[in-house]
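The values are calculated or read from the model by the stated rules, or taken from the named source; none is laboratory data. Worth saying up front: this structure is predicted, and the values here are computed from it rather than measured. Backbone-built Cβ (ideal geometry, glycine too); neighbour counts: all protein chains shown.
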Amino acid sequence: MPPLTLEPIIVEPQDLTARVSDPERERFILYDTDFPVETDPKYAVAPGFRPLAVPHFGVGEVACFVFAGQLDWLKRQLKGKPYKLTTGETKTWPLLLNDQVLTFRSVARGGATAPKRYTLPDIERLACALYERGDIDGHELQRVCQILLAVARQYWARTKKRED
């Protein structure tokens with residue numbers, strides 16, 4: 001059997017070199033404006049919220065491809081960290097980024113139990129908030145940003161290829 005020949009791996013140049021994630025200054029690598037708006041009515045968001053950008057993902061997908069399949073862990077983080085008051089009552093810390101509560105968009109169908117959808121920029125901010133709260137370390141934050149950037153590049157490449 002002849003040896004298997006593979007095409008060389010092409011590494012694209014860094015196309016977002018001017019962007020650096022700096023959450024304290026409200027600067028991030030990815031923004032919803034980098035992506036087209038979702039037009040499928042199935043993913044229409046609740047009134048008063050910005051429309052979703054494409055691509056977007058459910059919590060299970062985010063847990064699987066960004067946080068290595070830790071769905072229960074991610075759901076607990078999104079609900080907020082529990083803490084006990086001096087009276088013995090338990091409250092939760094919401095997920096904060098720069099002392100601002102992070103909110104994510106839900107699709108309009110489903111009422112109060114409507115599923116949340118996370119764009120790549122949403123996931124970047126989620127990871128920054130988890131880092132700020134001490135739930136992930138700097139290395140994991142860096143890996144998450146690399147994953148998100150790789151997905152964004154792949155999406156842009158596939159979209160451009162379809163347009164050509």
Extreme residue, farthest from Cys128 (Cα to Cα), among residues of segment 34-73 that are part of a helix (DSSP H, G or I) and charged (D, E, K, R):
Lys42
Pairs returned, first residue in segment 135-146 that is under 16 Å from Phe65 (Cβ atoms), second residue that is of a type in the set (Asp, Glu) and at pLDDT 90 or above, beta-carbon separation under 7 angstrom, 6 or more apart or interchain, are Cys145/Glu124
Scanning segment 100-125 residue by residue, those of a type in the set (Lys, Arg) and either at pLDDT 90 or above or surrounded by 15 or more Cβ atoms within 10 Å (Cβ to Cβ) (or both) turn out to be Arg105, Lys116, Arg117, Arg125
